[in-house]
Amino acid sequence: MKIDGNELAIKQNELDQQGHKKEAYEMKMEFLRQVRESGDHCPCQEACPHHGNCFECVTVHRGHRDHLPMCMW
């Protein structure tokens, strides 16, 4: 599944900007459902206990200010 530049996410953003909040929210939830169901999208090649857990990964990287996670390169 294509995450970056996803057509469903782009359409959701357009609806949100047009003020169609309910439709935009439903479309956002559908996009997230599709991402979850399509498998692992973590690009990191390291054996890491945070693999696939974006919240933990980004939080740790922000905390120690070492470098950006692979998904943000």
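See the values below:
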item	result
Filter result (closer than 22 Å to Met1 by Cβ and either loosely packed, with under 10 Cβ neighbours inside 10 Å or in contact with a Cys (Cβ under 9 Å, 6 or more places away or on another chain) (or both)) within region 49-73	His50, His51, Gly52, Asn53, Cys54, Phe55, Cys57, Val58, Pro69, Met70, Cys71, Trp73
Scan of region 34-43 for residues that are surrounded by 13 or more Cβ atoms within 10 Å (Cβ to Cβ) and assigned to a helix (DSSP H, G or I), ordered by number	Gln34, Val35
Verdict on Phe31 being in a helix (DSSP H, G or I) and surrounded by fewer than 11 Cβ atoms within 10 Å (Cβ to Cβ)	no
Residue in region 3-28 that is nearest to Met72 (Cα to Cα), counting only those that are surrounded by fewer than 10 Cβ atoms within 10 Å (Cβ to Cβ) and modelled with pLDDT under 95	Asp4
Condition check for Glu46: farther than 20 Å from Pro69 by Cα, loosely packed, with under 10 Cβ neighbours inside 10 Å and of a type in the set (Asp, Glu)	no
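The values are calculated or read from the model by the stated rules, or taken from the named source; none is laboratory data. All of these numbers come straight from a predicted model, not from anything done at the bench. Because the Cβ atoms are built from the backbone with ideal geometry, glycine has one as well, and the counts that use them run over all protein chains shown.
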